[in-house]
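Here's the structure we're looking at; comments come further down.
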Amino acid sequence: LLEAFDPGTVLDVVERRRVTYMFGVPTMYDAMAAHPRWETADLSSLRSVSCGGAPVPARTIERYLARGLAFSQGYGMTEASPGVLFLDREQTSAKAGSAGVPHFFTDTRVVLADGSPAGPGQRGEVLVQGPNVMSGYWGRPEDTAAAFTGDGWLRTGDVARTDAEGYAYIVDRVKDMFVSGGENVYPAEVEDALLSHPAVRECAVVGVPDAIWGEVGHAVVVLEAGRRADGPDILAHLRGRLAKYKIPKTVAFTDDLPRTASGKIIKRAVRQAHPAPSPEATPPTPWKGSTP
């Protein structure tokens, strides 16, 4: 165990101690892949690298698969410990991006807003039931009642879709989704597209009020060191990759994003620190990525 995460230190420890298994969140794996030693570090001892805590960008999965690493995901929450979904390492490539199928001790459902079952490819909230699911929040009866459906399924607050074989793909948090012109927009999907831009190191997308569409996307971007890009360039990159209503209307640039101790981006802090400009505001000016 390390006292704190540092990508270079982790690479050194894996190489020196011949680590066989590691677990982290997407931010950690991205930082390791961006480190100068990534290409030369001897990671041959690693049999599996597992990830959780947030949807994993396609870019991250591709970087690890390119190094021959069995990058796999899982899904769980404190209220349903020790886990809900798990992707077997043999399916890492065939089901890249999937959080897997339910553990043997867990039952799951994906439901639409009206409570009806979501079909393959449809997005809905993940519901969980099993002996590992909590009975409730101590001393918080109202919160407990809100956390369960009438027939006893735990509402996870996470959105997923399943494929024809029942493998689940976590899409986003229900609370992070916003509605633009009557269409649901999931920030994680937009962020994944933004990360395919060569100048983008990190990003966060939040929904902000709009007089015409109800809500629109606002992207906050951290650029790679030494790279330059402006708002129009970032948005142009998304055209053809996303439906028009999913493309953010505004872009802001920053040197870093607020995170929890475990590396998750704090969306409410992003909204507070980087409010969207008004329609009359001057478009974002070019920004040069900071040096780490």
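Quick note: the coordinates plus some simple rules give every number you see, no bench work behind them. These numbers were taken from a predicted model, which means no experiment stands behind them. Cβ sites come from the backbone with ideal geometry, for glycine too, and all protein chains shown count toward neighbours.
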### Task
Check the straight Cα-Cα distances from residue 175 and name the lysines below 23 Å, setting aside those fewer than 8 residues away within the same chain.
244, 246, 249, 264, 267
#### Entry: Additional length obtainable on full extension of the chain from residue 20 to residue 165, 0.36 nm per residue less Cα span
49.2 nm
### Query
In segment 249-268, which residues have a backbone nitrogen under 16 Å from the label point lying 7 Å from residue 183's Cα in the Cα-to-Cβ direction?
249-250
### Task
Could you tell me whether the chain comes out rounded, prolate or oblate from its Cα gyration tensor? Rule is a ≥ b ≥ c as square roots of the eigenvalues, rounded for a/c under 1.5, then prolate if a/b exceeds b/c, otherwise oblate.
oblate
### Message
Under a crude label model (7 Å from the Cα following the beta-carbon direction), how far is residue 104 from residue 59 in nanometres?
### Response
4.0
### Query
Rounded to the nearest 500, what is the chain's calculated 222 nm mean residue ellipticity when only DSSP H runs of at least 4 contribute -39500 (n - 2.57) each, over all residues?
-5500 deg cm²/dmol
### Summary
FRET efficiency for residue 47 and residue 230 from the Cβ-Cβ distance with R0 = 30 Å, rounded to 0.05, comes out at 0.10
### Query
Which distance in nm do the two modelled labels at residue 90 and residue 260 give, with both placed 7 Å along the Cα-to-Cβ direction?
3.4
## Note on the structure
Checked segment 96-150 against the a/c 1.5 cut and the a/b vs b/c comparison, axes a ≥ b ≥ c from its Cα gyration tensor; verdict oblate
### Fewest-first ranking of 134, 22, using other Cβ atoms within 10 Å as the exposure measure
134, 22
### Query
Using unit Cβ charges (K, R positive; D, E negative) and no other charged atoms, how large, in debye to the nearest 20, is the dipole of the chain about its Cα centre?
460
